[in-house]
Amino acid sequence: MSPIAKIKTDGSTEEKIKDAARKLFMQKGFEATKTRDIANEAGINLALLNYYFRSKEKLFEIIVKENMGQFMEIISNIVNNEKTTIQDKVEALVANYIDMLTQFPDMPLFIMNSIKVDPERIKIRQRFSGSYFMKQINEAIKAGKIAPMNPMNIMLNIVGLTIFPFVARPMFLNKGGITIEEFGTLMQERKKLIPGWIKSMLEAKK
């Protein structure tokens with residue numbers, strides 16, 4: 001009887017594998033993490049890992065989907081909070097985007113590839129278009145407190161300013177002479193800088 005056949009297939013082993021993979025993907029990134037590393041971290045043999053998950057790519061996809069679901073729930077709570085200001089929401093969105101991408105720096109490329117295959121998989125526009133955040137922005141534009149613009153430009157700037165550095169991360173690390181630690185420091189600095197840039201963009205000209 002094979003080692004796999006002796007083990008009852010339950011959720012605990014599967015979760016143990018995902019926890020190990022999540023930890024290593026965060027620490028080492030997708031490319032540097034090997035399936036054998038994940039198996040060793042989970043305390044199982046490689047054959048069992050392959051039984052639950054066909055490949056490292058499939059395991060990474062599952063983990064990213066789970067974390068994206070949790071992340072989008074956080075984002076939805078931020079943009080639909082009726083007690084916070086526009087600037088409060090911008091600061092919270094930027095901080096959460098950067099925190100999430102710092103944990104999973106390979107996530108942007110995964111998302112971009114997923115969108116190519118299935119554009120409806122990640123419905124970012126739909127999540128924001130009917131949100132309280134968009135209502136606040138439209139009301140502020142009508143009141144002359146915010147410069148006239150398509151509100152989606154605000155979301156494009158928030159997403160672009162937070163996500164692009166992570167997309168370009170390999171270039172900065174390999175050719176730009178920046179260490180992983182220095183890149184992390186830059187991203188933490190951007191938590192404070194980006195909301196200020198967005199605020200300047202929104203200010204109505206007198």
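The values are calculated or read from the model by the stated rules, or taken from the named source; none is laboratory data. Every value quoted in this text rests on a predicted model; they were computed, and no experiment measured them. Reconstructed Cβ throughout: ideal geometry from the backbone, glycine too, with neighbour counts over all protein chains shown. Areas reflect the complete protein model, heavy atoms only, side chains present, ligands, DNA and RNA absent. Shrake-Rupley method; radii C 1.70, N 1.55, O 1.52, S 1.80 Å.
Listed by chain and number, the aspartates and glutamates whose C-alpha is less than 15 Å from the C-alpha of K145, apart from same-chain residues fewer than 8 away, are E203. Annotation: aspartates and glutamates with alpha-carbon distance below 20 angstrom to K28 (same-chain offsets under eight excluded): E15, D19, D37, E41, E57, E61, E66, D99, D106, E181, E182. Between E203 and Q103, the simple label model (points 7 Å from Cα in the Cβ direction) yields a spacing of 3.5 nm. Note on segment 143-198 and segment 74-94: Cα centroid distance 17 Å, given to the nearest whole angstrom. Summed over the residues of segment 149-206 and divided among them, the accessible surface reaches 64 Å² per residue at a probe radius of 1.4 Å.
For the pair E182 and Q87, label points projected 7 Å from Cα toward Cβ lie 3.3 nm apart. Per-residue extension of 0.36 nm, minus the Cα-Cα distance of L46 and E14, leaves a gain of 10.2 nm for this segment.
Pairs over the 31 Å Cα-Cα cut-off, from the set K83/K142; K34/K65; K34/K89: K34/K89. Distance between the modelled labels on L173 and A143, one decimal in nanometres: 4.4 nm (7 Å Cα→Cβ projection). Calculated FRET efficiency, E189 to M26, Cβ-Cβ distance, R0 = 30 Å: about 0.90 to the nearest 0.05. The HN-Hα couplings worked out from phi for segment 147-156 by the Karplus form 6.51 cos²θ - 1.76 cosθ + 1.60 (θ = phi - 60°) are 4, x, 5, 6, x, 5, 4, 5, 5, 4 Hz, whole numbers, x standing for Gly and Pro.
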